[in-house]
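**Q** Structure provided below as structure tokens; questions to follow.
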Amino acid sequence: MTSRDKNLLELTITPRTSMAGYDRIDIDLPDVRVGNVRCRFMGEMVIVFSIQVFPEFQGNGYGTATIDMLKDRFRVIVADRVRFTARDFWQKKGFKERADGNWEFQRPA
């Protein structure tokens, strides 16, 4: 994905009531949805329960672009119960493992 393509990425927030206690972020290009994030907004913090880029769009940097946008919007991001196979992704994004098994990013003050 080029930096020009990343500018085409849009985040659409779906209200919590539609997802049984969760917030949802749709990862959209101008003409197609490429994935979504199941999360919970808590002021300056967001807890990410799952991030999914649909298989046909994987490997194009959409997950990275989504996390970068969250970093711009939230001071603290917690990745809830990270799977072993996803640890490299979160670590490359600057997240640190916590004692409870979650991974956390804190934007410098």
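The values are calculated or read from the model by the stated rules, or taken from the named source; none is laboratory data. The shown structure was predicted, so the numbers you read here are calculated from the model rather than taken from an experiment. Note that each Cβ is placed from the backbone with ideal geometry, even for glycine, and that neighbours are counted across all protein chains shown.
**Q** Going by the structure shown, is residue 63 under 20 Å from residue 22 (Cβ atoms), small (Gly, Ala, Ser), within 11 Å of the chain's Cα centre (by Cα) and not in a helix (DSSP H, G or I)?
**A** On the way: under 20 Å from residue 22 (Cβ atoms): yes; small (Gly, Ala, Ser): yes; within 11 Å of the chain's Cα centre (by Cα): yes; not in a helix (DSSP H, G or I): no.
Considered against the rule, which asks whether it is under 20 Å from residue 22 (Cβ atoms), small (Gly, Ala, Ser), within 11 Å of the chain's Cα centre (by Cα) and not in a helix (DSSP H, G or I), residue 63 comes out as no.
**Q** When the residues of the range 18-60 are narrowed to those that are outside any strand (DSSP E or B) and of a type in the set (Ser, Thr, Tyr), which ends up surrounded by the most Cβ atoms within 10 Å (Cβ to Cβ)? Don't jump to the end; show me each part of the working.
**A** At the first step, the residues of the range 18-60 found to be outside any strand (DSSP E or B) are 18-22, 30-31, 43-44, 54-60.
Next cut, of a type in the set (Ser, Thr, Tyr) only: 18, 22.
Values: 18: 9, 22: 17.
Within the range 18-60, the match that is surrounded by the most Cβ atoms within 10 Å (Cβ to Cβ) is 22.
**Q** Based on this model, can you work out whether residue 83 counts as modelled with pLDDT under 90 and more than 26 Å from residue 109 (Cα to Cα)? Let's see the steps before the verdict.
**A** On the way: modelled with pLDDT under 90: yes; more than 26 Å from residue 109 (Cα to Cα): yes.
Judged against the criteria, residue 83 is a match.
**Q** Okay, moving on. If only one of 101, 94 is part of a loop (DSSP other than H, G, I, E, B), in contact with a Phe, Trp or Tyr (Cβ under 8 Å, 6 or more places away or on another chain) and of a type outside the set (Phe, Trp, Tyr), which one is it?
**A** Details: 101 fails: in contact with a Phe, Trp or Tyr (Cβ under 8 Å, 6 or more places away or on another chain).
Sole residue among the options that is part of a loop (DSSP other than H, G, I, E, B), in contact with a Phe, Trp or Tyr (Cβ under 8 Å, 6 or more places away or on another chain) and of a type outside the set (Phe, Trp, Tyr): 94.
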